[in-house]
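Engineer: I'd like to ask some things about the structure below.
The values are calculated or read from the model by the stated rules, or taken from the named source; none is laboratory data. Source: prediction; values computed, not measured. Here the Cβ positions follow ideal geometry from the backbone for every residue, glycine too, while neighbour counts run over all protein chains shown. Surface accessibility is based on the protein's heavy atoms, side chains included, excluding ligands, DNA and RNA. Shrake-Rupley method; radii C 1.70, N 1.55, O 1.52, S 1.80 Å.
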Amino acid sequence: MDSARRPCLISVCLSVLAATCLPCSGSPGPSLWGKKVVFMGRHCVWQLDKGCVVPPLEELSVCVHLHREIATSEWTGFVYKAPGERQVELGLAGRGGFLVAWLFGHQWSVPEDLPLKCWHNVCLTWSSHSERLRLYINGSSCLDAHVNATLPRRLAHNGTLTLGVSHNIVGGVMEFENGKNFLGAISLFRMWGHERTAEELRAQSCIIGNVVRWDNNDWDYQICLPEDDTNIQCGAFPNVTASPPTVTNTSPGSPTSTNTSDPVTPTETQQPPLGLPVSPTGLSTTKEPSDLNSTGTGIASTFYRVQMKLNMTMTVTGSDPGETIQTWVQRKLGEVRMNALHFQIFKSTYKDNDKKETQRLEMAAELRNQKRFRCTFHVQDADARNVMTTQRLINDLLSRIHFGGEIQVDSRDVHVSHIDPGSCPEDTHESIRGVYIWPIKDAQKTETMICEKNSGARASRKCELDGVTEKAKWADPNLKACKPMITISDLDNVTVTANNSADVVDMIEDLLGVEGDLSDSQLATVVQKLDEVLGVSTVTPALGEDIVSIIADILGSSSNLSLVANDILGITGSVGDQMDFPEESQNVTVPSLALSMINVDPEQFQGLTFGVSSFSTGLAPEIFVNQTFLTQPCDGTVASISLPRALQNFFPEGNKKKRVQFHFYGTQELFKDPEINWTLNSYVVSASVNNSNVSNLGNPVVVTLTHLKPKEKNDKVECVYWEFQKNNGSGGWDSNGCETLPSISAYQTTCHCYHLTHFGVLLDVSRTPISEADQETLMVISYLGCGVSSIFLGISLLTYMVFEKLRRDYPSKILINLSVALLGLNLVFLMDSWLSSFGFYSLCITTAAMLHYFLLASFTWMGLEAVHMYFSLVKVFNVYIPSYILKFCTLGWGIPLVVVSLVLVIEKDAYGNVLSGDSLDSLQGSEPFCWIQSKVFFYITIVAFVLLVLVFNMVVFIMVLIQIRHMQTNNPAATVNKRSVMHDLRAVASLTFLLGLTWPIAFFTWGPARVPMLHLFSVLNSLQGFFIFVFHCLMKENVRKQWRIHLCCGRLRLNDYSDWSRSMTMGGRTKQNHLVHRFPSVKSVNTSSRKISDDSTTASGSSSPPYHQWA
């Protein structure tokens, strides 16, 4: 009976062993090495074959090669589920830039996002004994997490596994989850039944799996066939064969026990592999062979951390003890091909929890009197000996008496720990010198590649051991020998992403060093790319400092910054707002620029003071921050800004960070306002609160700025701030909301402002200073003259309007319109300051527009006077113009209306409240004044317009004088006497005021003669209306006769005037001809001369020479 059952029992045992102790396929099937599976959105299913059974593993390792082609927010690498269960037993996925590892329904996330277009070797290891789950990417450890002991101790037996997609078993049928598919290629999925170490994963990355292999027999697929890919790391064949897995005996009735299969025989392990592993792809874009681009893999070094205490029996004199100890350590380790890295020495009072004592004291004079020291360093073993052997060797080398007993080390004070820095991952580095794909590299090894532009040169990059994290990291590549591939203009074709933002910043830094000064388009490109970097990146202190350094380079160049001033200020502000730093504060100082950021506690906020204690052009400023509000600056401060406690009312609400940032700009080139004649006479400081617009503070911000040029006695200074919206969004200086304190010294100005922005001090150096006494005199002359002119212009208008006989001819009608324009100009000017004092924005714009309109109308009618004079005295033939005065009125009042309307439509803010000293200092003091504040509109609509009219009037004036002279010369009856000379002088003076020829004096108010010319200008032009009354009312015979007829009584009253009647008769006949004028021919010179010389015989008819109307 027993003998009959024995063969059956043996058969069952063999079946169990075959299912649990051997890999899924009893023998290797057709190999998939060198092949990949492409998942690109199509219905593609790769699942574990039913004949491949995963045993109940107590520890495991899984490796898979992934090549992402398209970025998606979520994707699935692989999923293994227990039979009939919906939770993920084991899996790998990506979610929102994080890599997710699944184990027993729980997930662990790490902030790693596999870059696109390249292969990544991702491995998961787990052991129930160590209770650790570890994740490796390209040999580097990314996750080392504790697994709760309450979770299962074994992986579920005989589960289902799919690649590139998750799944569920419903009613015995496998259903796949859509929307989280992997888009790319997968290769070399392998599983081992034991936990592989980091060294094994790196050194034996191309061995075959012993639970699941990359063979046809282990996988079930029907649609997506595997494709060849020569770029897969391990090539077409595995390197070595792994041992069978560790399994658990789960036979009913037997105790659980762990057994390991027999080791591989020596002949198996020593057999050369069929194919050698291929190094990771690392070719540059030159497509040269890989042996030219790499230094070779060689033997990977091992690394150790050494902590050691030692005694020095003698005081070191003449040298630094740290240097002595470091030299000794290097020499001892060098005897066995080892190297000491990151050497640090501390006093023996070192405490782990004492931050102050842990500061590095190497090279400090404090060490010279010490006898006992503590030092730490890392050791690189280039020969990669056995770990235990190397630890003992290091201890033996250092635990001796050295230098004749001067240095003593006890073996118990030498602690050697093995560390695993991993490898530097494959990294694509974009720079102006090309795109270089740096392959996976072991720590402390250097990779070289051929330069893209010049193949005869080499680029190099070292994979360094980080002294703090003890992990491998790439150092900055050395590309100095490589020639640039691109220019700044090519940056327009670069798409900035979170992954390449640091490279783009480095690229810009390199290009600025090559390009020098930038054109407007290049500058716009650089600013745009920096803005894009801030939009997609987490601003680390390192990245923020790089961006600020670029801004400093731009500020130090000779580029035109006016078009990007606001953009540059916005970038520096964004850097301060977005920078992520763990400390309470962070400072960034570069040449001519400084940023200081403080995270404040609203409850403890008592004010803040930021200042620059020292600064020289081209150097980084020295800054300080005081956690209180200072009303007075410290001595010698270049610039300071103090924020009051009331600022806490503007801190963001909720859990948002409360950050105050300060900026200092040691340059004037960024803050150019073309609309003012003032000069920036200080450096610029600014303050801001994140996510808050600070204005209308209850207590002022105190800003103190040192003058770049000492203020002289008559210089004007003014506190201003940078208004971003001025000059069509280009920015400009404004003084609203800022007060300049009266206690101004020659070297410093203090300002009180009630908002936060960029502050500076302006100095008026555009003109020769005018004393206060002269300003008062000019103001009195201006107001008094305009008042007198307004009165007499009113009398002139009243006279011509009341006496109908005086306004029948064209010159009188033109004179009436000119008087109306001048009266309006004088009245609006007199009321301007009073209306400005109300502070109403719309009222000020209306006042400024009215003043502008009447000024243009006055000069337009002066020009029309000249036109009419030209028609009357210069043209030698008759001219008939229908509706003559109507057309003149259309031009005289319409042209100014069109100009003012265009200004209001284009930019109504061109009008505003300014200090009268900016443009009309000859007429007024320093009172607020509603006027044109845009220099562009001022020069185009006033200076150019007035200059054009005056030039035309001057030409006509000269032609009229010449014509009169010819008329007198050709008149034989004309005699030169005292009366005729005075009459001619009166005519010249009359025409001068009528045509506005006193206004050109304004163009000569410069230099030493400025003050006298300003006085002359003020007198003549403010009294222009009075002079018009004198020459065209008081001195005109026909006007005086009308006054005597209608206003006088007694002997002064005139009852009848025959000459006037005859003149009217002649005028009536002329009126019928509808002629604008009739120029006197040579034959009628006698008559014309008589008309010129005797004003008493002039009439209003157009048949006589009409120039007499202005004489």
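Engineer: Taking the conditions exactly as written (modelled with pLDDT of 75 or more and open to solvent by less than 60 Å² (accessible area, probe 1.4 Å)), does V306 satisfy them or not? Steps first, please.
Structural biologist: Working: modelled with pLDDT of 75 or more: yes; open to solvent by less than 60 Å² (accessible area, probe 1.4 Å): yes.
Spelling it out, V306 is indeed modelled with pLDDT of 75 or more and open to solvent by less than 60 Å² (accessible area, probe 1.4 Å).
Engineer: Looking at segment 666-697, which of the residues that are assigned to a loop (DSSP other than H, G, I, E, B) and aliphatic (A, V, I, L, M) is most open to solvent (accessible area, probe 1.4 Å)?
Structural biologist: This residue is I676.
Engineer: Which of (1) within 24 Å of T799 (Cα to Cα); (2) open to solvent by less than 20 Å² (accessible area, probe 1.4 Å); (3) touching a Leu at 6+ places or on another chain (Cβ under 6 Å) does F854 not meet, given it meets every other one?
Structural biologist: (2)
Engineer: Taking R42 as the residue in question, decide whether it is within 17 Å of V165 (Cβ to Cβ) and modelled with pLDDT under 90.
Structural biologist: yes
Engineer: Would you check which residues across segment 620-659 are part of a strand (DSSP E or B) and in contact with a Leu (Cβ under 6 Å, 6 or more places away or on another chain) and list them? So that I can check it myself, show each step before the final result.
Structural biologist: First pass over segment 620-659, keeping only residues part of a strand (DSSP E or B): 622-626, 639-643, 659.
A639, S642, L643 - these are the residues of segment 620-659 that are part of a strand (DSSP E or B) and in contact with a Leu (Cβ under 6 Å, 6 or more places away or on another chain).
Engineer: Regarding L183, is this residue under 20 Å from K50 (Cβ atoms) and either in contact with a helix residue (DSSP H, G or I) (Cβ under 6 Å, 6 or more places away or on another chain) or among the hydrophobic types (A, V, I, L, M, F, W, C) (or both)?
Structural biologist: So L183 does not fit the description; no.
Engineer: Select, from L124, L155, L161, the only residue that is in a strand (DSSP E or B), closer than 30 Å to V387 by Cβ and aliphatic (A, V, I, L, M). Give the steps one after another, and end with the answer.
Structural biologist: Working: L155 fails: in a strand (DSSP E or B); L161 fails: closer than 30 Å to V387 by Cβ.
When all the criteria are applied, what remains is L124.
Engineer: Just to be sure before I move on: is T860 open to solvent by 30 Å² or more (accessible area, probe 1.4 Å) and under 24 Å from C930 (Cα atoms) in the structure I sent?
Structural biologist: Answer is no for this residue.
Engineer: Please state which one of I169, I186 is among the β-branched types (V, I, T), within 28 Å of G96 (Cα to Cα), outside any helix (DSSP H, G or I) and at pLDDT 90 or above.
Structural biologist: Working: I169 fails: at pLDDT 90 or above.
Of I169, I186, the one residue that is among the β-branched types (V, I, T), within 28 Å of G96 (Cα to Cα), outside any helix (DSSP H, G or I) and at pLDDT 90 or above is I186.
Engineer: Output the residues belonging to segment 705-733 that are open to solvent by 40 Å² or more (accessible area, probe 1.4 Å) and assigned to a loop (DSSP other than H, G, I, E, B).
Structural biologist: L708, K709, P710, K711, E712, K713, N714, F724, Q725, S730
Engineer: Further, regarding this structure: Among the residues of segment 92-110, how many are in contact (Cβ under 8 Å) with a residue 12 or more places away in the chain and either aliphatic (A, V, I, L, M) or in contact with a Gly (Cβ under 7 Å, 6 or more places away or on another chain) (or both)?
Structural biologist: Counting residues in segment 92-110 that are in contact (Cβ under 8 Å) with a residue 12 or more places away in the chain and either aliphatic (A, V, I, L, M) or in contact with a Gly (Cβ under 7 Å, 6 or more places away or on another chain) (or both) gives 7.
Engineer: Turning to a different aspect of this structure: Just need a number here: residues in segment 890-918 that are open to solvent by 30 Å² or more (accessible area, probe 1.4 Å) and modelled with pLDDT under 90.
Structural biologist: Counting residues in segment 890-918 that are open to solvent by 30 Å² or more (accessible area, probe 1.4 Å) and modelled with pLDDT under 90 gives 6.
Engineer: Testing K713 on (1) closer than 21 Å to K672 by Cα; (2) basic (K, R); (3) at pLDDT below 85, one condition comes back false. Which one is that?
Structural biologist: (1)
Engineer: Kindly indicate the residue of segment 469-497 that is open to solvent by 70 Å² or more (accessible area, probe 1.4 Å) and touching a residue at least 40 places away in the same chain (Cβ under 8 Å) and also farthest from C451 (Cα to Cα) among those meeting that condition.
Structural biologist: K471
Engineer: Quick check: anything in segment 638-656 within 24 Å of S574 (Cβ to Cβ) and basic (K, R)?
Structural biologist: yes
Engineer: So, in segment 734-753, exactly how many residues are assigned to a strand (DSSP E or B) and out of contact with any Asp or Glu (no Cβ under 6 Å at 6 or more places or on another chain)?
Structural biologist: Of the residues in that region, 7 qualify.
Engineer: Counting only residues that are out of contact with any strand residue (DSSP E or B) (no Cβ under 7 Å at 6 or more places or on another chain) and open to solvent by 70 Å² or more (accessible area, probe 1.4 Å), which one in segment 620-659 is nearest to V590 (Cα to Cα)?
Structural biologist: Going through the qualifying residues, I end up with D635.
Engineer: Looking only at segment 73-92, which residues are in a loop (DSSP other than H, G, I, E, B) and surrounded by 14 or more Cβ atoms within 10 Å (Cβ to Cβ)?
Structural biologist: Going residue by residue through segment 73-92, those that are in a loop (DSSP other than H, G, I, E, B) are 73, 82-89.
Within segment 73-92, A82, E85, V88, E89 meet the criteria.
Engineer: May I pose another question? Give the residues of segment 106-132 that are crowded, with 16+ Cβ neighbours inside 10 Å and farther than 30 Å from T497 by Cβ, sorted by residue number.
Structural biologist: Those that are crowded, with 16+ Cβ neighbours inside 10 Å and farther than 30 Å from T497 by Cβ: T125, W126, S127, S128, R132.
Engineer: I need the helices (runs of 4 or more DSSP H) fully contained in segment 961-1075, keeping only those with at least 1 residues that are modelled with pLDDT under 80.
Structural biologist: In segment 961-1075, 978-994, 1010-1022, 1037-1047, 1058-1073 are the helices (runs of 4 or more DSSP H) which contain 1 or more residues that are modelled with pLDDT under 80.
Engineer: Give the residues of segment 420-430 that are open to solvent by less than 10 Å² (accessible area, probe 1.4 Å) and not in a loop (DSSP other than H, G, I, E, B), sorted by residue number.
Structural biologist: S423, C424
Engineer: Continuing with the same structure: Restricting the search to segment 496-525, which residues are among the aliphatic types (A, V, I, L, M) and farther than 17 Å from M485 by Cα?
Structural biologist: Within segment 496-525, V496, A498, A502, L518, L523, A524 meet the criteria.
Engineer: Can you pull out the residues in segment 505-535 that are over 14 Å from I571 (Cβ atoms) and of a type outside the set (G, A, S)?
Structural biologist: Residues satisfying the conditions are D506, M507, E509, D510, L511, L512, V514, E515, D517, L518, D520, Q522.
Engineer: Now for a separate question. From the list S417, S460, S423, S411, exactly one residue is in contact with a strand residue (DSSP E or B) (Cβ under 7 Å, 6 or more places away or on another chain), of a type outside the set (D, E) and without any contact (Cβ under 8 Å) to a residue 24 or more places away in the chain. Which is it?
Structural biologist: Step by step, each of S417, S460, S423, S411 is checked, and only S460 is in contact with a strand residue (DSSP E or B) (Cβ under 7 Å, 6 or more places away or on another chain), of a type outside the set (D, E) and without any contact (Cβ under 8 Å) to a residue 24 or more places away in the chain.
Engineer: Kindly list, by first and then second residue, each pair from a residue in segment 215-235 that is of a type in the set (A, V, I, L, M) to a residue that is in a strand (DSSP E or B), limited to pairs with Cβ atoms under 6 Å and residues at least 6 apart or on different chains.
Structural biologist: I232/S187
Engineer: May I pose another question? Determine which member of the set W834, W861 is in a helix (DSSP H, G or I), among the aromatic types (F, W, Y) and over 21 Å from V900 (Cβ atoms).
Structural biologist: W834
Engineer: Within segment 450-468, track down each residue that is open to solvent by less than 70 Å² (accessible area, probe 1.4 Å) and not in a strand (DSSP E or B).
Structural biologist: If the condition is that a residue be open to solvent by less than 70 Å² (accessible area, probe 1.4 Å) and not in a strand (DSSP E or B), then C451, E452, N454, A457, D466, G467 are the ones that fit.
Engineer: Here's a check for you: in segment 513-539, which residue that is of a type outside the set (G, A, S) and modelled with pLDDT under 85 is nearest to A475 (Cα to Cα)? Quick ask: steps written out before the conclusion?
Structural biologist: Here is the first cut: in segment 513-539, the ones of a type outside the set (G, A, S) are 514-515, 517-518, 520, 522-523, 525-534, 536, 538-539.
Now drop any that are not modelled with pLDDT under 85, which leaves 514-515, 517.
Working: V514: 22, E515: 25, D517: 29 Å.
This residue is V514.
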